[in-house]
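Below: one structure, written as structure tokens.
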Amino acid sequence: MAIAAPPRFDPAFRAQLAALFAWRRDVRRFSAEPLPEGTLEGLLDLATLAPSVGLSQPWRFVTVADAGRREAVRANFRACNAQALACQEGERAARYAALKLAGLDEAPCHFAVFNEDDPAQGRGLGRATMPETTAYSTVMAVHTLWLAARASGLGLGWVSILDPPTLTALLDVPRHWRFIGYFCLGMPSAQDDTPELERLGWECRSLRADQHLLR
Ligand SMILES: Cc1cc2nc3c(=O)[nH]c(=O)nc-3n(C[C@H](O)[C@H](O)[C@H](O)COP(=O)(O)O)c2cc1C
């Protein structure tokens with residue numbers, strides 16, 4: 001039930017929104033400055049506005065404040081990243097080694113995101129033929145949070161170079177939760193409108209959608 005008149009999104013707002021998309025960035029370089037109390041909670045509340053299949057809201061957020069667990073996550077990242085480096089060949093290996101692929105050492109706030117693959121909420125609607133839609137829904141919540149963080153001047157970095165079973169055990173969550181990603185949140189120490197992987201010559205970004213026209 002609507003409780004307020006719908007807002008009008010004017011051209012100035014749309015321009016700001018486009019700037020938000022353009023300046024979002026995956027952030028791996030943070031100032032260690034702690035976040036004001038309640039910052040993450042405010043962002044998580046906004047994340048719950050994301051769409052979800054059957055309104056299932058299958059996202060599960062786990063804040064990791066404990067120093068021992070954070071160190072164990074870092075150790076897992078180092079091990080997985082070393083394996084990934086070992087898979088790079090020739091000149092790529094040196095390029096890979098030069099990349100900074102997580103802000104786990106500096107970021108003041110760490111959280112993991114899991115997906116409940118078969119939640120009671122939503123009563124199964126919409127996912128009988130595509131069970132993966134619950135995970136898609138959780139990623140929608142991550143993206144909502146990502147943009148909300150950037151709009152508040154914060155940076156978010158997604159860390160996927162981790163072993164999901166290890167993370168699930170380490171963070172003491174129910175075994176049936178599916179690991180979606182680990183996230184670093186904080187004040188970015190630098191800002192840019194170009195992805196870091198592009199600036200470092202790892203990959204080029206296309207600004208044209210891969211669109212196919214069927215006539
Ligand atoms: C599912 C997913 C997993 C990612 N995992 C990592 C990661 O482990 N480490 C990392 O540095 N960046 C990671 N990224 C960030 C991407 O590298 C980044 O989004 C891409 O280079 C484009 O840069 P931008 O987000 O600044 O536009 C991940 C992004 C997504 C969507």
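We did not get these values from a lab; they are worked out from the coordinates using the rules stated. Being a predicted model, the structure only gives us computed values, none of them experimental. Positions of Cβ are generated from backbone atoms using ideal geometry, with glycine treated the same way; all protein chains shown enter the neighbour counts.
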Quiz item: So which residue, out of Ala128, Ala72, Ala50, gets the largest mean-square fluctuation from a GNM of the chain using Cα contacts under 10 Å as springs?
Solution: Ala128
Practice problem: Multiply the residue gap between Asp210 and Ala15 by 0.36 nm, knock off their C-alpha separation, and tell me the result in nm, one decimal place. | Solution: 67.9 nm
Quiz item: Got a sec? How would Thr63, Thr134 order by Cβ neighbour count within 10 Å, fewest to most?
Solution: Thr63, Thr134
Exercise. Translational diffusion coefficient, Stokes-Einstein: compute it for the chain using the Kirkwood radius over C-alpha pairs as Rh, at 25 °C and 0.890 mPa s, and state it as an integer in µm² s⁻¹.
Key: 128 µm²/s
Quiz item: Over what distance in Å are the Cα centres of segment 185-215 and segment 70-126 separated?
Solution: 19 Å
Quiz item: What are the ³J(HN,Hα) values, in whole Hz, obtained from phi via the Karplus relation 6.51 cos²θ - 1.76 cosθ + 1.60 with θ = phi - 60°, for each residue of segment 208-214 in sequence order, with x given for Gly and Pro?
Solution: 10, 5, 7, 10, 10, 9, 9
Quiz item: In sequence order, what are the phi-derived ³J(HN,Hα) couplings for segment 96-113 according to the Karplus relation 6.51 cos²θ - 1.76 cosθ + 1.60 with θ = phi - 60°, rounded to whole Hz, with x for glycine and proline?
Solution: 4, 4, 7, 7, 9, 10, 6, x, 5, 7, 9, 4, x, 10, 10, 8, 10, 10
Quiz item: Antiparallel DSSP bridges in the chain: what percent, to the nearest 5?
Solution: 95 percent
Exercise. Compute the Cα gyration tensor for segment 46-85, then decide on rounded, prolate or oblate, letting a ≥ b ≥ c be the square roots of its eigenvalues: rounded whenever a/c is under 1.5, prolate when a/b is larger than b/c in the other cases, and oblate in all that remain.
Key: oblate
Quiz item: Classify segment 1-117: rounded, prolate or oblate, from the alpha-carbon gyration tensor (a ≥ b ≥ c, eigenvalue square roots; a/c under 1.5 rounded; otherwise prolate if a/b is larger than b/c)?
Solution: prolate
Quiz item: In nm, what is the difference between 0.36 nm times the number of residues separating Ala79 and Ala4 and their Cα-Cα distance?
Solution: 21.9 nm
Quiz item: From the Cα gyration tensor of segment 96-158, with a ≥ b ≥ c the square roots of its eigenvalues, which class applies: rounded if a/c is under 1.5, or else prolate if a/b is larger than b/c, or else oblate?
Solution: prolate
Quiz item: GNM on the chain, C-alpha springs below 10 Å: top fluctuator among Trp59, Trp146, Trp177?
Solution: Trp177
Quiz item: Which one of Asp163, Asp26, Asp172 has the biggest mean-square fluctuation once the chain is modelled by GNM with Cα springs under 10 Å?
Solution: Asp172
Quiz item: Based on Cβ point charges of +1 for Lys and Arg and -1 for Asp and Glu, what charge dipole magnitude is obtained for segment 27-199 about its Cα centre, in debye rounded to the nearest 20?
Solution: 240 debye
Practice problem: Among the trypsin sites (Lys or Arg not before Pro) in segment 1-79, which ones are in a DSSP loop with at most 15 other Cβ atoms within 10 Å of the Cβ? Mind listing them? | Solution: Arg8
Practice problem: Determine ³J(HN,Hα), in whole Hz, for all residues of segment 83-91 in sequence, where each value follows from phi through the Karplus function 6.51 cos²θ - 1.76 cosθ + 1.60 and θ = phi - 60°; x replaces Gly and Pro. | Solution: 5, 5, 5, 5, 7, 7, 10, x, 5
Self-check item: Of the GluC sites (Glu not before Pro) in segment 96-155, those whose Cβ has at most 12 other Cβ within 10 Å and which sit in DSSP loop
Solution: Glu132
